[in-house]
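**Student:** One structure, as structure tokens, below. Some questions next.
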Amino acid sequence: MAKILVTGGAGYIGSHTCVELLEAGHDVVVLDNLSNSSEESLKRVQALTGKSLKFIQGDIRQQQDLDQAFASHQIDAVIHFAGLKAVGESQQIPLTYFDNNIAGSIQLVQAMERANVFNLVFSSSATVYGEKNPSPYQEDMTLGMPNNNYGYTKLVIEQMLEKTSIADDRWSIALLRYFNPVGAHKSGCIGEDPLGIPNNLMPYLTQVAVGQREKLSIFGNDYPTQDGTCERDFIHVVDLAEAHVLAVENRLTNTGCRAWNIGTGQPISVLQIKNTFEKVNDIVVRAEFSDRRAGDLPSFYANNARAVAELGWTPKHNLEDMLADSWNWQKQNPTGYKA
Ligand code: NAD
Ligand code: UD1
């Protein structure tokens, strides 16, 4: 059993990963500045699992916060979720994204070196494949240039981590390239709680379903796909969380830098999401077709064979589970973690 520092552990994917880590018997220390989350998620993680974790309110850009975390705990490995993730915002305030995501990751890696901790799992994204690679994406494809500043930070951090591990073979780094995480813990106690108007499809759709937003705009119905709407590879957040447990355990006994796609490999269209959500949850979601959103790719999905073979990971949740669990969370928590 290992002691894992989870940066950004109070957030959507981080909180689900904390549950899986605790249930697998690991000790968890979360470092989060709560810029896009609340401590309530961690209270619920502990209530759900009946196990406790340590929480440090701190910032990955602050050397002192990091050094103190490593000095106070015998950390074996780090899972690094902390980062800003709103694509549109990253176009308006790029320097904030470069500072938080890139400079923050550099601070973290330097603090790990000082503390002699060399096992790291990093939250990357399918966006690093760029716009030209055909789907299904495979890990050994030449990466492309993401078309937004958020994606650019993921590419830079991946490359920085790879070069660091080449220069120093004590490092063991996992780059997990997520496709489109959705769903929530089946209890409905933890889930995605975006600040303000959601950018992503699933939280927007569930907020329409719960009556907080008037209707869903489906961005474009003239794409070269089966039904004209975009296709994505939706992955249940609990399956994604399990991939982190397997990846961190893999890193404790391996060295080098290795990328794994974490998706189901199934392209699902936006219209299919809306229609299946209505069917599974027996609810009508008001929706209309609108213009394409700038920067959207028509279709992308994973080849996940490497994660299956090397991590022993298999996604266990189907589309119906993803949509039922997203709704269960939203229904039980119409205003998220806010009382
Ligand atoms: P989230 O916003 O819910 O979680 C990120 C957490 O990091 C938040 O709790 C936030 O408060 C914290 N944080 C941000 N900056 C910090 C800093 N400087 N110091 C300390 N804490 C900080 O997002 P999420 O959906 O859980 O995503 C987690 C990670 O996965 C992010 O790096 C994101 O870019 C990446 N990712 C997410 C998706 C997705 O669709 N959700 C897809 C691909 C990759
Ligand atoms: C986006 C980012 C990606 C990032 C991910 C998670 C882009 C190009 N990509 O992925 O880099 O890792 O978010 O933060 O921005 N949709 C609607 N109506 C809505 C919202 C979305 O029709 O109200 C559609 C979109 O056009 C898209 C699909 O739903 O086709 C999924 O969108 P979204 O959830 O934002 O994820 P991505 O765009 O795939």
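**Student:** Of the residues that sit in segment 74-89 and are more than 9 Å from ligand 1 (Cβ to nearest atom) and part of a strand (DSSP E or B), which one is surrounded by the most Cβ atoms within 10 Å (Cβ to Cβ)?
**Tutor:** For segment 74-89, the residue satisfying everything is I79.
**Student:** In addition: Strands (runs of 3 or more DSSP E) wholly in segment 227-326 with at least 1 residues that are out of contact with any Ser or Thr (no Cβ under 9 Å at 6 or more places or on another chain) - which ones?
**Tutor:** In segment 227-326, the matching strands (runs of 3 or more DSSP E) lie at 256-262.
**Student:** Collect the residues in segment 316-339 that are among the small types (G, A, S) and surrounded by 13 or more Cβ atoms within 10 Å (Cβ to Cβ), keeping them in residue-number order.
**Tutor:** Within segment 316-339, A324, S326, G336 qualify.
**Student:** Now, a different point. Going by what's in this entry, would L205 be described as modelled with pLDDT of 95 or more and not in a helix (DSSP H, G or I)?
**Tutor:** Considered against the rule, which asks whether it is modelled with pLDDT of 95 or more and not in a helix (DSSP H, G or I), L205 comes out as no.
**Student:** Among (1) acidic (D, E); (2) in contact with a helix residue (DSSP H, G or I) (Cβ under 7 Å, 6 or more places away or on another chain); (3) without any contact (Cβ under 8 Å) to a residue 60 or more places away in the chain, which single condition is E20 missing?
**Tutor:** (3)
**Student:** How about segment 96-129: which of its residues are more than 12 Å from ligand 1 (Cβ to nearest atom), among the polar types (S, T, N, Q) and buried (at least 22 other Cβ atoms within 10 Å of the Cβ)?
**Tutor:** Residue satisfying the conditions is N119 alone.
**Student:** Taking the criterion of being free of Cβ contacts under 8 Å to residues at least 60 places away in the same chain, part of a loop (DSSP other than H, G, I, E, B) and in contact with a Pro (Cβ under 8 Å, 6 or more places away or on another chain), would at least one residue in segment 90-112 satisfy it?
**Tutor:** no
**Student:** Additional query: Being within 12 Å of ligand 2 (Cβ to nearest atom), touching a residue at least 12 places away in the same chain (Cβ under 8 Å) and closer than 21 Å to Y129 by Cα, is that true of even one residue in segment 306-319?
**Tutor:** no
**Student:** Right, next: Could you please tell me which pairs satisfy a Cβ distance under 7 Å, a separation of 6+ or placement on different chains, a first residue in segment 70-86 that is aromatic (F, W, Y), and a second residue that is assigned to a loop (DSSP other than H, G, I, E, B)?
**Tutor:** So the pair list comes out as F70/V117; F81/G8; F81/G9; F81/G11.
**Student:** Going through segment 165-188 one residue at a time, which ones are surrounded by 19 or more Cβ atoms within 10 Å (Cβ to Cβ), away from ligand 2 (no atom under 16 Å from the Cβ) and of a type in the set (V, I, T)?
**Tutor:** The one that is surrounded by 19 or more Cβ atoms within 10 Å (Cβ to Cβ), away from ligand 2 (no atom under 16 Å from the Cβ) and of a type in the set (V, I, T): I173.
**Student:** Do you know which of the residues in segment 16-41 that are of a type in the set (G, A, S) and more than 16 Å from ligand 2 (Cβ to nearest atom) is farthest from N200 (Cα to Cα)?
**Tutor:** G25
**Student:** Now for a separate question. What about W313, is it surrounded by 22 or more Cβ atoms within 10 Å (Cβ to Cβ), farther than 27 Å from K154 by Cα, hydrophobic (A, V, I, L, M, F, W, C) and more than 16 Å from ligand 1 (Cβ to nearest atom)?
**Tutor:** Judged against the criteria, W313 is not a match.
**Student:** Residues of segment 19-52 being of a type outside the set (S, T, N, Q) and in a loop (DSSP other than H, G, I, E, B), which ones?
**Tutor:** Matches in segment 19-52: A24, G25, H26, L34, E39, G50, K51.
**Student:** If you don't mind, there's one more thing I want to ask. Find the residue count for segment 102-150, including only residues that are away from ligand 2 (no atom under 16 Å from the Cβ) and basic (K, R).
**Tutor:** The total comes to 1.
**Student:** Take segment 189-220 and flag every residue that is surrounded by fewer than 17 Cβ atoms within 10 Å (Cβ to Cβ) and closer than 20 Å to K279 by Cβ.
**Tutor:** Listed by number, the residues that qualify are V210, G211, K215.
**Student:** Go through (1) more than 14 Å from ligand 1 (Cβ to nearest atom); (2) farther than 24 Å from A294 by Cα; (3) in a loop (DSSP other than H, G, I, E, B) and name the single condition I190 misses.
**Tutor:** Only one criterion is unmet by I190, namely (1).
**Student:** How many residues, within segment 193-205, are within 10 Å of ligand 1 (Cβ to nearest atom) and touching a strand residue (DSSP E or B) at 6+ places or on another chain (Cβ under 7 Å)?
**Tutor:** The total comes to 1.
**Student:** L195 is checked against (1) within 16 Å of ligand 2 (Cβ to nearest atom); (2) touching a helix residue (DSSP H, G or I) at 6+ places or on another chain (Cβ under 9 Å) and fails just one. What number does that condition carry?
**Tutor:** (2)
**Student:** In segment 276-295, is there at least one residue being at pLDDT 95 or above, crowded, with 19+ Cβ neighbours inside 10 Å and among the polar types (S, T, N, Q)?
**Tutor:** Scanning segment 276-295 turns up at least one residue that is at pLDDT 95 or above, crowded, with 19+ Cβ neighbours inside 10 Å and among the polar types (S, T, N, Q).
**Student:** Would you check if L66 is within 13 Å of ligand 1 (Cβ to nearest atom) and touching a Phe, Trp or Tyr at 6+ places or on another chain (Cβ under 8 Å)?
**Tutor:** No.
The values are calculated or read from the model by the stated rules, or taken from the named source; none is laboratory data. Note that the structure is predicted; figures quoted are calculated from it, not measured. All Cβ positions, glycine included, derive from the backbone under ideal geometry; neighbour counts span all protein chains shown.
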